[in-house]
Every structure is written in C-alpha cells, then in structure tokens.
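Before any comments, here is the structure.
The values are calculated or read from the model by the stated rules, or taken from the named source; none is laboratory data. Source: prediction; values computed, not measured. In this analysis, Cβ positions are derived from the backbone assuming ideal geometry, glycine residues included, and neighbour counts consider all displayed protein chains. The protein model used for the area step is the full one, side chains on, heavy atoms only, and it has no ligands, DNA or RNA in it. Shrake-Rupley method; radii C 1.70, N 1.55, O 1.52, S 1.80 Å.
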Amino acid sequence: MTLPDFLVIGAGKAGTTSLYYYLRQHPQVYMSPTKETNFFALEGQRVAFRGPGVEERINAWTITELSEYERQFAGVRGERAVGEVCPLYLYSERAAERIKRHVPEVRLIAVLRDPAERAYSSFLMLRRSGREPLEDFAAALEAEDRRVAGGWEYAWHYRRAGYYHEQLSRYYALFDPAQIRVYL
C-alpha cells in the first residue's frame, strides 16, 4: 500500500492548483490523479454540502474511504516523492489528526496568501463560475455565517478560511516542525 509522503495542505486560492500541475510534470514526483480528494478532511463522512453547483463538484469527487484513497496511488512506479494537493486540509478541523494517524512521517507544505486577497479571489472565482449569487463581496461576507450554518461548501467560507494561525496550530501540535514548511 502506497500513500503520499508529502501533502500540500493549502490554502485555497494561494497557488495550490498551479503547484499541483508543476509537480505533476516532474518525472520523479507522483501526484494523485485527483487534485483535492478531500480524504483526510472528510474520511468516513457522508458528503452532502449545499450551495449553488455543489452537486457536481465537491459532493461528486470527494473520496471518503481509505481503499478508494489508496487507489489514487496505485500508479506509483518508484518515483522519489509521492504527493497530493488539497487546500481543504489546512482549513479542516479533523484533517491534521487523520493525516497523523495514516501517514505520521509525511512532509507538509502550506502555501499561504494574504487572507483578504485570498477571500476576494475566492469570491471572484465563484462569481465567474456562476456559483456566487451575491454580486457584492461585502454582502457575501455578511452571508457567511448563515451559509456555514446551512452546510454550504467550504468555498463560501471566505473569512474563516483565512484564520491561518488557528489552522496551522493544529499541525504544529501534532507534527514535528521539521515536517512542516510554510510559504507565502
């Protein structure tokens, strides 16, 4: 059974998608075929997020079973590094403990972006895709608590996703700091 030896844990809208595609091009790096499996964030859960367009997105591609997650790495053929990129791992309250349980020696990479710029970029991405019904960013921020309470997908957690100290603290509490790299 092969599991990743490194994870890019976030943050969303901080360049993680570009980093995923750059790493996939390297001949000595194997990347999971699915970017953002969400496995460590949502292991064992029934995924039923709400929000515009969610059914064909996070609810459809999330992997919640270990055997299915392991299949993501069935194509490993001796690469020097095996990884996955999932921004939800930084934000998730449970991902750090699950990662520690399954791959305790993993190396962790957090790529961060100014929280206000990251939140606005997320808003613009959702507006472009027709998934953010509010035209005004301030109104979307005001709606965040109601949306979170209503089970909307994490993409609409504009403000909360930028609390990096709280999020990184979960990892530093469980992992040796030498396993963690943070880049701005």
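If you scan region 144-165, which residues turn out to be open to solvent by 70 Å² or more (accessible area, probe 1.4 Å) and over 16 Å from Ala116 (Cα atoms)?
Asp145, Arg146, Ala149
Could you pull out the residue among Leu3, Leu7, Leu23 that is surrounded by 15 or more Cβ atoms within 10 Å (Cβ to Cβ) and in a helix (DSSP H, G or I)?
On inspection, the qualifying residue turns out to be Leu23.
Does region 26-49 hold any residues that are open to solvent by 30 Å² or more (accessible area, probe 1.4 Å) and either touching a helix residue (DSSP H, G or I) at 6+ places or on another chain (Cβ under 8 Å) or within 16 Å of Ser92 (Cα to Cα) (or both), and which are they? Let's see the steps before the verdict.
Taking region 26-49 and keeping what is open to solvent by 30 Å² or more (accessible area, probe 1.4 Å), we get 26-28, 30, 33-36, 43-49.
Residues satisfying the conditions are Thr34, Lys35, Glu36, Glu43, Gly44, Gln45, Arg46, Val47, Ala48, Phe49.
Let's see how each residue does on (1) under 25 Å from Glu166 (Cα atoms); (2) surrounded by fewer than 19 Cβ atoms within 10 Å (Cβ to Cβ):
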{"site": "Arg71", "(1), (2)": "no, yes"}
{"site": "Tyr89", "(1), (2)": "yes, no"}
{"site": "Glu93", "(1), (2)": "yes, yes"}
{"site": "Ala116", "(1), (2)": "yes, yes"}
{"site": "Glu142", "(1), (2)": "yes, yes"}
